[in-house]
1. Kindly check whether there is at least one residue in the range B:138-148 that is modelled with pLDDT under 95, open to solvent by 30 Å² or more (accessible area, probe 1.4 Å) and farther than 28 Å from C:Pro161 by Cβ.
2. Of everything in the range B:1-19, what is over 19 Å from C:Glu76 (Cβ atoms) and either away from every other protein chain (no Cβ under 14 Å) or under 15 Å from the mean Cα position of the chain (by Cα) (or both)? Give them in sequence order.
3. When you scan the range A:73-86, do you find a residue that is within 15 Å of A:Pro105 (Cβ to Cβ) and in contact (Cβ under 8 Å) with a residue 40 or more places away in the chain, even just one?
4. Any residue at all in the range C:38-59 that is under 17 Å from C:Arg8 (Cβ atoms) and among the β-branched types (Val, Ile, Thr)?
5. Please go through the range B:65-82 and pick out each residue that is in contact with a Leu (Cβ under 8 Å, 6 or more places away or on another chain), within 14 Å of chain C (Cβ to nearest Cβ) and either hydrophobic (A, V, I, L, M, F, W, C) or farther than 26 Å from A:Ser13 by Cα (or both).
6. Within the range B:12-22, does at least one residue satisfy the condition of being open to solvent by less than 70 Å² (accessible area, probe 1.4 Å), outside any helix (DSSP H, G or I), touching an Asp or Glu at 6+ places or on another chain (Cβ under 9 Å) and more than 16 Å from B:Leu159 (Cα to Cα)?
7. Among what's in the range A:46-67 and is in contact with a Cys (Cβ under 9 Å, 6 or more places away or on another chain) and part of a loop (DSSP other than H, G, I, E, B), pick the residue that is surrounded by the fewest Cβ atoms within 10 Å (Cβ to Cβ).
8. B:Ala79: over 12 Å from the mean Cα position of the chain (by Cα), among the small types (Gly, Ala, Ser) and modelled with pLDDT of 95 or more, yes or no?
Amino acid sequence: MTTVDKVRQRAESDARTYGYYLNPDPKFLRDLLEGLKSNEERFGYPACPCRLGSGNLEIDRDIICPCDYRDPDVAEFGACFCALYVRKDVYEGKTPVQPVPERRPVEKETRAYGVAPTSPVQKTKPTLTAATRPAEIKKKLWYCRQCGYVVFREDPPYLCPICKAKREMFVQITLGVDEAR
Amino acid sequence: MTTVDKVRQRAESDARTYGYYLNPDPKFLRDLLEGLKSNEERFGYPACPCRLGSGNLEIDRDIICPCDYRDPDVAEFGACFCALYVRKDVYEGKTPVQPVPERRPVEKETRAYGVAPTSPVQKTKPTLTAATRPAEIKKKLWYCRQCGYVVFREDPPYLCPICKAKREMFVQITLGVDEAR
Amino acid sequence: MTTVDKVRQRAESDARTYGYYLNPDPKFLRDLLEGLKSNEERFGYPACPCRLGSGNLEIDRDIICPCDYRDPDVAEFGACFCALYVRKDVYEGKTPVQPVPERRPVEKETRAYGVAPTSPVQKTKPTLTAATRPAEIKKKLWYCRQCGYVVFREDPPYLCPICKAKREMFVQITLGVDEAR
């Protein structure tokens, strides 16, 4: 069973790994953790409590917490989109929290609209076009040119979870072919 | 050379990464670390000090510390099978340590019996059957549908070491084929 | 933009993950972080500030900080080659810092000489031989036999970043073939 304490522990240990902090406001933090818990119960995965989850894992993948956008957002704005994860200076009150613009590409948001169970925008589910059909989400093997970390995703992460290299360091693996350039 | 201090440092940093603690009883902890050290010297890898190691890496893989079962055991019972790793509330004495049942599947334990060098059960090594022959341990490429982490194992981990997704999030990679569902 | 604070934060969180410490001398530490920052600006990646970077990622890959040699050096000598990362006992002043010999293989250093933009050794760039041409750097898929971690590199890491197994635990993946031995 998912409990708020389990969700909190996971977020805390993840924050520690990356040198982040959880939001210092206990009430605000608890609301976010409750949101994660209820999304995990609804969808089977902790989709971002501040965005519209579709219930389709392939479509929501980039907004499962910690979302794909957390690392560049904390680096640039001092907090993730939700302000669940914050930078040290923000945690210590040295830098005020600033609004974090949505970094998720519009195409990915659009994919979610058609299938979201609680979509506030559309009452009837439209026929998915080829562009939005989850089956069209092609995954590839990528590797980090800095440390060699391998992932199987639609596109590479913003930050390598192992060596913290930037997204630009990831290239596709073509097996059996010399990768060096 | 393996020293108890090196074993301790590795366990400490691993506990920190996952938000766990090492057993608060110094004598008990030292005994476990000594057990890990002697297994590492005997086998070349730190097999669990509370289970029967076979000396065959392929057969013991799931019980190399931190074993495959640690994460679900700490989550459910507050401690791993050995009680080397414990949850915060157990570490702080708020929750008593409870007995942790063996989560390792019987088939995997059975594979170890036939080949264990110090097996208390069998004096003569039986001819391995097809089911227990390490050559029959088929490994596959798995990926975490949440973060894309890739592993090459017989079966996926209970917890994704990168994003902490549950085992159910792992599916096999079939290269060159659309993975989305 | 890269700032010394970002470089410091990345190094701090990485040290924490592995149970290391950053050099306790603030002036010395700052110089190293400045060196990393300027290498990141020059090359696009934080090459080791204590070694000759070539500006060619494939050739410098093993000396991008945290370099491939950090883990065995901290384990054996208490500090990495630069003394950016130190062991707890060194950090606490219980063990003096000792000189750390260069662990990088001569072949890899030699590859860098021919192409280094600021090479103090050669004024004219020699024609690269087959042995030093980056195109000859063959990468392979390796996996950790202990935890299943997969990397795509010329050779495996000294320490598995997931389970901390030693380099000897890594073997090449041959897909579609039984890997067990």
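The values are calculated or read from the model by the stated rules, or taken from the named source; none is laboratory data. As the structure is a computational prediction, the values presented were derived from the model and not from experiment. With ideal geometry, Cβ positions are generated from the backbone for all residues, glycine too; neighbour counts draw on all protein chains shown. In case anyone asks, the SASA skips ligands and DNA or RNA and just uses the protein heavy atoms, side chains included. Shrake-Rupley method; radii C 1.70, N 1.55, O 1.52, S 1.80 Å.
1. Checking the range B:138-148: not a single residue is modelled with pLDDT under 95, open to solvent by 30 Å² or more (accessible area, probe 1.4 Å) and farther than 28 Å from C:Pro161 by Cβ.
2. B:Ala11, B:Asp14, B:Ala15, B:Tyr18
3. Applying the first criterion (within 15 Å of A:Pro105 (Cβ to Cβ)) to the range A:73-86 yields A:73, A:81.
Right, trim to in contact (Cβ under 8 Å) with a residue 40 or more places away in the chain and you get none.
Among the residues of the range A:73-86, not one is within 15 Å of A:Pro105 (Cβ to Cβ) and in contact (Cβ under 8 Å) with a residue 40 or more places away in the chain, which makes the answer no.
4. No: the range C:38-59 contains no residue that is under 17 Å from C:Arg8 (Cβ atoms) and among the β-branched types (Val, Ile, Thr).
5. B:Cys65
6. yes
7. Top of the filtered list is A:Cys50.
8. On the way: over 12 Å from the mean Cα position of the chain (by Cα): yes; among the small types (Gly, Ala, Ser): yes; modelled with pLDDT of 95 or more: yes.
Yes.
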